[in-house]
Structures are given as C-alpha cells and as structure tokens.
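The values are calculated or read from the model by the stated rules, or taken from the named source; none is laboratory data. Please read all numbers here as calculations on a predicted model, not as lab measurements. Cβ: placed from backbone, ideal geometry, glycine included. Neighbour counts: every protein chain shown. Areas reflect the complete protein model, heavy atoms only, side chains present, ligands, DNA and RNA absent. Shrake-Rupley method; radii C 1.70, N 1.55, O 1.52, S 1.80 Å.
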Amino acid sequence: QECGVDAWRMSHNPPNPELLDMLDEEGMMVWNENRNFGNFSQWLVDFVDFLRRDRNHPSVLLWSICNEGGCNEWRDHEAADDAKLFKALIHKHDPYGQRPMTAAMNFQWGKGVSRVIDVQGINYGYY
C-alpha cells in the first residue's frame, strides 16, 4: 500500500494462506487465481479445495478460473462449457456466491470463456 497499490493478482497459482491472512489484515483486494482449468476430475477436486480454503478471506474479491494458455482459448465451445462448470462450483462452494468470476486471457475476448465469466481479464493481445 505504501507503493500505491490496493490489489494483488495471484497469478498462475493460488497463494499460501498466510499471505491471504496478511492481505486481509492490510485491507488489500485479491484476484485469486486457479492454475488448472478443464473438466478433469482431479482439477475439479483441486478447484473445490481452493474455493473452500480461501472463501472466508475478505480480501478475495475475484475468483480467477484460469490464466493465459491455461484458459484453453483455442477450444472455444469446450472451454465455455468448462467455465460454466467452474462457475457452478463457485456458486456451490463460496458461501456468499456473489464474488465475480474472471480469467486472465490473452485472446478470444468475447468468445468461449469470455461468454461465461463476469469480469474480462486481458493480458497480452495477439493481433
């Protein structure tokens, strides 16, 4: 906060719980990011564990379901279906169910995952 920031994106992987505790105390906002995205049983279990572990942290402002290439942006319709599945898990396992879902995407804005998320994350652009 001394540097003029009030939010932190936990890019690529979920943060450790102690970091979230500190950010709660400091009043920072967190973009909490998942690493593995897709309809694979272990990844779904991991995502539910991630939600349950971090859902009581007031600093968590956004649930990010994927990052860059991990968003499977080249699999337009399948990725959208996967995003719907992840969104349903958020609504089921976040006691508030109101935190928006996002994704840190490089391209395919307005398609696939973008049609399901609440907040569009824009990283790099391929033009």
For the stretch 1-17: of the residues being touching a residue at least 12 places away in the same chain (Cβ under 8 Å) and charged (D, E, K, R), which is nearest to Phe37 (Cα to Cα)? Arg9
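Looking for something outside any helix (DSSP H, G or I) and among the aromatic types (Phe, Trp, Tyr) - is there at least one such residue anywhere in the stretch 88-105? Step through it out loud before you land on a result.
Pass one, the stretch 88-105, residues outside any helix (DSSP H, G or I): 94-105.
Subsequent filtering for residues that are among the aromatic types (Phe, Trp, Tyr) retains 96.
Checked the stretch 88-105: at least one residue is outside any helix (DSSP H, G or I) and among the aromatic types (Phe, Trp, Tyr).
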Contact list please: Cβ distance under 8 Å, first residue in the stretch 77-97 and under 19 Å from Leu61 (Cβ atoms) and free of Cβ contacts under 8 Å to residues at least 60 places away in the same chain, second residue open to solvent by less than 30 Å² (accessible area, probe 1.4 Å) and among the polar types (S, T, N, Q), pairs at least six apart or on different chains. Phe86/Asn34
Mind checking which residues of the stretch 13-50 are hydrophobic (A, V, I, L, M, F, W, C), farther than 18 Å from Val116 by Cα and in contact with an Asp or Glu (Cβ under 8 Å, 6 or more places away or on another chain)? Leu20, Met28, Met29
If we scan the stretch 108-118, do we find a residue that is modelled with pLDDT of 95 or more and either within 30 Å of Gln1 (Cα to Cα) or surrounded by 21 or more Cβ atoms within 10 Å (Cβ to Cβ) (or both)? yes
In the set Trp31, Trp109, the lone residue that is in contact (Cβ under 8 Å) with a residue 60 or more places away in the chain, within 22 Å of Asn123 (Cβ to Cβ) and either aliphatic (A, V, I, L, M) or outside any helix (DSSP H, G or I) (or both) is Trp31
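Results for (1) under 19 Å from Gly121 (Cα atoms); (2) open to solvent by 50 Å² or more (accessible area, probe 1.4 Å); (3) of a type in the set (A, V, I, L, M), shown as yes or no for each residue.
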position	(1), (2), (3)
Asp6	yes, yes, no
Met10	yes, no, yes
Glu26	no, yes, no
Trp63	yes, no, no
Leu89	no, no, yes
Arg99	yes, no, no
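Please count how many residues of the stretch 70-87 are farther than 16 Å from Phe40 by Cβ, part of a helix (DSSP H, G or I) and open to solvent by 10 Å² or more (accessible area, probe 1.4 Å).
3
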